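Single-structure report; data block below.
The values are calculated or read from the model by the stated rules, or taken from the named source; none is laboratory data. These figures come from a predicted structure and were not determined experimentally. Because the Cβ atoms are built from the backbone with ideal geometry, glycine has one as well, and the counts that use them run over all protein chains shown. Heavy atoms of the whole protein, side chains included, go into the accessibility calculation; ligands, DNA and RNA do not. Shrake-Rupley method; radii C 1.70, N 1.55, O 1.52, S 1.80 Å.
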Amino acid sequence: MDNLEWKTRVDLAAAFRLVDLYGWSDMLATHLSARIPGPSDHFLINPMGVLFEEMTASDLIKLDIDGNILSDTSRSINPAGYTIHSAIHGAREDAMCVIHTHTEAGMAVSSLEEGLIYTNQDAMQFYGHTAYHDFEGIALDLSERETLVSDLSDNKVMILRNHGLLTTGHTIADAWVQMYFLEKVCKAQLTLLSAAAATGQKVIYPTKEVCEHTAKQYEAAGCGEREWPSLIRQLDEVTTEYKY
């Protein structure tokens, strides 16, 4: 195993632990993946039977794009995870990491007709960059990969209708921080809609021009690389077991 693969393993294991630390995990039901740098279309994903809170770098399973397990392991993978993540890694070379969650806020917003609304600064970073994928049942049918890829197109973020949230990133840090803000604005949206219903006040929607301008400002600033070292320090204060 080369140094690039091991670094990817450590960073992805850290991402799993941070997902759990921030309260987004769903026992064994969701998944994170990362492409291993290099010419081969190999990527890492979580094994079945390992909780996010106990994930380590050596636990992660290496797959090729056809689903062949390349790791020396007796563990299996989540078939739905393979469907979703292989689709995106196979179609998008820029998607080095893919994160999928089933949080309460994410599932709620995914089931709203309007989806994500752009009523605050943090939400506007996703304006014009968020795709939607209609629910087709549990993602066990490999034919769904075609619609996943078509719906995602060149976006970095996708809301899986009646299901949950998905982010991609040029790095693991990028995908993780995108998910942090996507989860945050979903919670804020639910709080806002509840407050509007309770008080009878109307929601203020910024103009399309303001939303587009703000999205471009976020895009120019980049995402993840500034925050990641601090997140690793935060995690290391809790545990360093993920590094093994």
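Taken over the stretch 15-49, the residue count meeting the criterion of being touching a strand residue (DSSP E or B) at 6+ places or on another chain (Cβ under 8 Å), open to solvent by less than 60 Å² (accessible area, probe 1.4 Å) and aliphatic (A, V, I, L, M) is 7. Each residue in the stretch 198-219 was checked for being in a loop (DSSP other than H, G, I, E, B), open to solvent by 90 Å² or more (accessible area, probe 1.4 Å) and either touching a residue at least 12 places away in the same chain (Cβ under 8 Å) or under 18 Å from residue 123 (Cβ atoms) (or both), and 3 of them qualify.
Would you mind finding the one in 195, 188 that is without any contact (Cβ under 8 Å) to a residue 24 or more places away in the chain, open to solvent by less than 60 Å² (accessible area, probe 1.4 Å), in a helix (DSSP H, G or I) and under 26 Å from residue 104 (Cβ atoms)? Outline the logic, then answer.
Details: 188 fails: without any contact (Cβ under 8 Å) to a residue 24 or more places away in the chain.
Of 195, 188, the one residue that is without any contact (Cβ under 8 Å) to a residue 24 or more places away in the chain, open to solvent by less than 60 Å² (accessible area, probe 1.4 Å), in a helix (DSSP H, G or I) and under 26 Å from residue 104 (Cβ atoms) is 195.
When residues in the stretch 220-241 are screened for being in contact (Cβ under 8 Å) with a residue 40 or more places away in the chain and open to solvent by 100 Å² or more (accessible area, probe 1.4 Å), 2 of them pass.
Per-residue answers, yes or no, for (1) under 19 Å from residue 6 (Cβ atoms); (2) touching a residue at least 40 places away in the same chain (Cβ under 8 Å); (3) open to solvent by 30 Å² or more (accessible area, probe 1.4 Å):
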| site | (1), (2), (3) |
| --- | --- |
| 51 | no, no, yes |
| 55 | yes, yes, no |
| 67 | no, no, no |
| 76 | no, no, yes |
| 80 | no, yes, no |
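The residue that is surrounded by the fewest Cβ atoms within 10 Å (Cβ to Cβ), among those in the stretch 122-173 that are of a type in the set (D, E, K, R) and within 16 Å of residue 97 (Cα to Cα), is 154.
Quick check on residue 215: is it over 17 Å from residue 115 (Cα atoms), touching a His at 6+ places or on another chain (Cβ under 8 Å) and not acidic (Asp, Glu)? The answer is yes for residue 215.
Considering 130, 73, 83, 101, which residue is under 19 Å from residue 34 (Cα atoms), of a type in the set (Ser, Thr, Tyr) and within 14 Å of the chain's Cα centre (by Cα)?
Values: 130 fails: under 19 Å from residue 34 (Cα atoms); 73 fails: within 14 Å of the chain's Cα centre (by Cα); 83 fails: within 14 Å of the chain's Cα centre (by Cα).
Going through 130, 73, 83, 101 in turn, the sole match is 101.
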